[in-house]
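Enquirer: One structure, as structure tokens, below. Some questions next.
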Amino acid sequence: MNRPTKSRQSRPRPALSKDEMIQQVSALLDSPDDDLQAAMMKELLAGLLKLHDSHLELLDLKIVNRAFKELRHAFGVFRGYRDRRKVSIFGSARTPVGDPNYQGAFQFARRIVEQGVMVITGGADGIMRACQEGAGREHSFGVNIMLPFEQGANPIIADDPKLITFKYFFTRKLMFQKEANAIALFPGGFGTHDEGFEVLTLTQTGKNDPQPIVCLQAPGCDYWNDWSAFITNQMLKRKLINEEDMCLFTIVNSADAAVEEILRFYRRYHSIRFVGGQLAMRLTERLTPGQIEQVQDRFGDLLTDGRFELRGPLTEELDEPALRELPRLVFNFNRRSAGRLRQLIDHLNSL
């Protein structure tokens, strides 16, 4: 894991004048066709004009406007911390200080920050406050939501530039998922299960890149054991999920075990990128020819055709120069089983 580094803070920009807007639009329209960022901005501008032509109701326009503003601001806040891994943490806002799970959350956040990882929480009380107390303000993000009760920012993250308050759950959830390299779930209510099942759904369907999903409970607590029993008895036994889907999450009873699970996931595995039908799995260490043959024998069912190949970056990956030197395990992935892909990652990390 990377060690903590100084990062830039996002500052709100003043509103543009009419003349400034005209100048920026003119410069954008005159930009070269091969400028991919400018091309995307032109597409966004065209979409905005189509919204105007659609004569939407005022409420619809308010939703689009607010969602766009929330995402623009959130992207700016996180932009200065791209070089830091982050863990998104979910749990009850009602957990009291004396609860063992509160203390477990504090210890987990403190120890994961020691490994150079930042924490993202909902920014409220209970488990969220415990994690931000453990991590400290400097290493914390608050991704808060406007509610009529219960969800005001805790004093650790209040007024921090890394506190973002959302009106909509869908924009908030996007940031929780997009910025996370790991997920930690503590005992909680409907909101915790909402987030937890969404994470699992996105991972199972391949809409999220692989990441460790850790369910933490204090010693003697059976919260996640009972939850897992429901998953097994009502989903797995009815064949509503596959056996390998149970590999997508891990239940632990201590902060140390949770930190070890996250570190283990990134022991050799680094990241993935899809290029057409190929999956390029970036690794921090090269595999030997014998290890590649072992992967071929055990995980050949993941292939649509061909074999696993150890190589350097694909041409399309050269736009990520910081990752250029990492070895790749490249293969034609069938995209049918995120659980099996997770088993492959676990195997590579165990070598």
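The values are calculated or read from the model by the stated rules, or taken from the named source; none is laboratory data. All of these numbers come straight from a predicted model, not from anything done at the bench. Virtual Cβ from ideal backbone geometry, glycine too; neighbours counted across all protein chains shown. Areas reflect the complete protein model, heavy atoms only, side chains present, ligands, DNA and RNA absent. Shrake-Rupley method; radii C 1.70, N 1.55, O 1.52, S 1.80 Å.
Enquirer: Can you name the residue in region 247-279 that is assigned to a loop (DSSP other than H, G, I, E, B) and open to solvent by 60 Å² or more (accessible area, probe 1.4 Å) and is also farthest from Leu303 (Cα to Cα) among such residues?
Expert: Only one residue tops the list, namely Asn253.
Enquirer: Taking region 280-290 as the region of interest, how many residues are touching a Leu at 6+ places or on another chain (Cβ under 8 Å) and either charged (D, E, K, R) or crowded, with 17+ Cβ neighbours inside 10 Å (or both)?
Expert: Here the count works out to 6.
Enquirer: Out of the residues in region 145-160 that are touching a Lys or Arg at 6+ places or on another chain (Cβ under 8 Å) and surrounded by 15 or more Cβ atoms within 10 Å (Cβ to Cβ), state the one that is nearest to Arg79 (Cα to Cα).
Expert: Across region 145-160, the extreme among qualifying residues is Asp160.
Enquirer: Answer with yes or no whether Gly306 is assigned to a helix (DSSP H, G or I), surrounded by fewer than 16 Cβ atoms within 10 Å (Cβ to Cβ) and either modelled with pLDDT of 95 or more or aliphatic (A, V, I, L, M) (or both).
Expert: Taking the combined requirement at face value, the residue does not satisfy it.
Enquirer: Could I ask something else about it? For Leu163, which of the numbered conditions (1) open to solvent by less than 70 Å² (accessible area, probe 1.4 Å); (2) touching a residue at least 60 places away in the same chain (Cβ under 8 Å) fails to hold?
Expert: Against the list (1) open to solvent by less than 70 Å² (accessible area, probe 1.4 Å); (2) touching a residue at least 60 places away in the same chain (Cβ under 8 Å), Leu163 comes up short only on (2).
Enquirer: Answer yes or no as to whether Pro12 is assigned to a loop (DSSP other than H, G, I, E, B) and either in contact with a helix residue (DSSP H, G or I) (Cβ under 7 Å, 6 or more places away or on another chain) or at pLDDT 85 or above (or both).
Expert: No; evaluated as a whole, the condition is false for this residue.
Enquirer: Quick test for you: out of Pro219, Pro313, Pro210, pick the one residue that is open to solvent by 40 Å² or more (accessible area, probe 1.4 Å), part of a loop (DSSP other than H, G, I, E, B) and not small (Gly, Ala, Ser).
Expert: The conditions single out Pro219.
Enquirer: Further question: Among the residues of region 85-118, how many are closer than 26 Å to Pro321 by Cα and open to solvent by less than 10 Å² (accessible area, probe 1.4 Å)?
Expert: Adding up the residues that qualify gives 5.
Enquirer: Sticking with this one: Considering Lys207, Lys237, which residue is within 18 Å of Gly339 (Cβ to Cβ), of a type in the set (D, E, K, R) and over 22 Å from the mean Cα position of the chain (by Cα)?
Expert: Lys237
Enquirer: Just a yes or no: is a residue in region 121-129 of a type outside the set (Phe, Trp, Tyr), closer than 26 Å to Leu263 by Cα and open to solvent by 10 Å² or more (accessible area, probe 1.4 Å)? Spell out how you get there, then give the answer.
Expert: Going residue by residue through region 121-129, those that are of a type outside the set (Phe, Trp, Tyr) are 121-129.
With closer than 26 Å to Leu263 by Cα added as a condition, the list becomes 121-123, 126-129.
Going one step further and asking which of them are open to solvent by 10 Å² or more (accessible area, probe 1.4 Å), we end up with 128-129.
Within region 121-129, one or more residues are of a type outside the set (Phe, Trp, Tyr), closer than 26 Å to Leu263 by Cα and open to solvent by 10 Å² or more (accessible area, probe 1.4 Å).
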